[in-house]
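These notes are about the structure you will find just below.
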Amino acid sequence: MSYLNANQDVEYIREVSDQALDLMSEYNVIPSPPNYQIWYNYAAEEDMSLTKAIDDLIRKKKAFTSEVCANLHEKFFSTNKEHDAVSTAGKGIQKELTRLAKTVGDMNKDTFKYSSALSDSLEDISSIPGGQELKLIITSLLENTSEITTRNTSAQKQLKDSAQTVQKLQAALEAVRQESLTDMLTNIGNRKYFEESLQKAIADDLKTDDNLCLVIGDIDHFKKFNDSWGHHVGDQVLKAVAHSIKTRVGDTGMPARYGGEEFVIIIPDTTLEKAQEISENVRQSIAQRSMKRKSTGESIGKITCSFGIAQYRPGEHRTHFLERADAALYKSKSMGRNRVTLEEDVPQNVVKMAAG
């Protein structure tokens, strides 16, 4: 909540705050301001990535040490506010410079018309009594008008040059922003990209009432690849899976690496059945790949992925949307892996357990 507009807001904040403090006490978390920020947001369920990260740590019985908490705060609260502020200011400056350049241009047009009218008048005043004196005055006015036009033209050019410079800076900022939304290893969207894209997709879905599906995929037995072959091979596997997802999904959806060996795909305007078809194509593409160790050419075995799919329910919190897709993924894991499961095939009270 960004402001308080009623007593219920105060009650809500108090309730969430108490819940956060209780959770911190339950998991022996040092009550520092950064840790309070983490657990308040967790209790409020405002950030589904944070919720899932903490739920995973709890499920795995991990201790919330100072290092773990510091990593959580760094991941979820090191924002790009400075970048956003600079980007917004830059857009405003560019718009204003463009407007000023147009204003000066319009002034030049008016000045030119005025100068032309004065020039025309010079031809008509010679026969008028005292016309010679008027002619000298008009000639002086023309000279002054010419100087004004020259200065205006120079100012307009400078404004246009400045606007172009700001535009280039904006492009550079946008490039940095795109880089911040890209997973450097797999070259697809990262978790931040996923969060922003899902928020926008839900907003669009509420406006259009189209179907919106979410797919969560997980590489089967990924830990064994790392343990047996090392992290370099693990990275190779992640890249291969990301490539299969990206090529098979195409423009239909928005793929991202959620973290570790987990991938997510947002698919707007798509039914569960169509999302299942897309996910099956991805699954088969991955399973058919022949992976070898780059350094030796040695086969590293078969790679498979499990998938879970959920369809957005209007009005629900995005965290619950993610949880239902996650539950379908764990159903795929529990059923033997290397399969796609729809949320409708998952019991309502399913207990989500990571199969590892």
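Summed over the range 54-68, the residues that are surrounded by fewer than 19 Cβ atoms within 10 Å (Cβ to Cβ) and touching a helix residue (DSSP H, G or I) at 6+ places or on another chain (Cβ under 8 Å) give a count of 3. Scanning the range 235-284 for residues that are assigned to a helix (DSSP H, G or I), farther than 20 Å from LEU185 by Cα and touching a helix residue (DSSP H, G or I) at 6+ places or on another chain (Cβ under 8 Å) yields LEU272, ILE278, ASN281.
Among residues belonging to the range 333-345 that are out of contact with any strand residue (DSSP E or B) (no Cβ under 8 Å at 6 or more places or on another chain) and without any contact (Cβ under 8 Å) to a residue 40 or more places away in the chain, point out the one that is nearest to GLN284 (Cα to Cα). Steps first, answer last, please.
Narrowing the range 333-345 to residues out of contact with any strand residue (DSSP E or B) (no Cβ under 8 Å at 6 or more places or on another chain): 334, 336, 344-345.
Checking the rest, the ones that are also without any contact (Cβ under 8 Å) to a residue 40 or more places away in the chain come to 334, 336, 345.
Details: SER334: 19, GLY336: 15, ASP345: 20 Å.
Going through the qualifying residues, I end up with GLY336.
Beta carbons closer than 6 Å, at least 6 apart along the sequence or on distinct chains, pair a first residue in the range 24-44 that is farther than 22 Å from LYS60 by Cβ with a second that is modelled with pLDDT under 90 and of a type in the set (A, V, I, L, M, F, W, C) for ALA44/VAL16. Against the definition (touching an Asp or Glu at 6+ places or on another chain (Cβ under 6 Å), at positive phi and either without any contact (Cβ under 8 Å) to a residue 40 or more places away in the chain or open to solvent by 20 Å² or more (accessible area, probe 1.4 Å) (or both)), how does ARG324 come out, yes or no? When the stated conditions are applied, ARG324 does not pass them.
For the range 269-280, a tally of residues being free of Cβ contacts under 8 Å to residues at least 60 places away in the same chain, over 18 Å from PHE321 (Cβ atoms) and open to solvent by less than 70 Å² (accessible area, probe 1.4 Å) returns 0. Only one entry in PHE307, PHE321 is outside any loop (DSSP other than H, G, I, E, B), aromatic (Phe, Trp, Tyr) and more than 26 Å from ASP235 (Cα to Cα), namely PHE321. Taken together, the residues in the range 188-204 that are surrounded by fewer than 20 Cβ atoms within 10 Å (Cβ to Cβ) and outside any helix (DSSP H, G or I) amount to 1.
The values are calculated or read from the model by the stated rules, or taken from the named source; none is laboratory data. None of these values were measured; they are calculated from a predicted model. Glycine gets a Cβ as well: all are built from the backbone with ideal geometry, and neighbour counts include every protein chain shown. The protein model used for the area step is the full one, side chains on, heavy atoms only, and it has no ligands, DNA or RNA in it. Shrake-Rupley method; radii C 1.70, N 1.55, O 1.52, S 1.80 Å.
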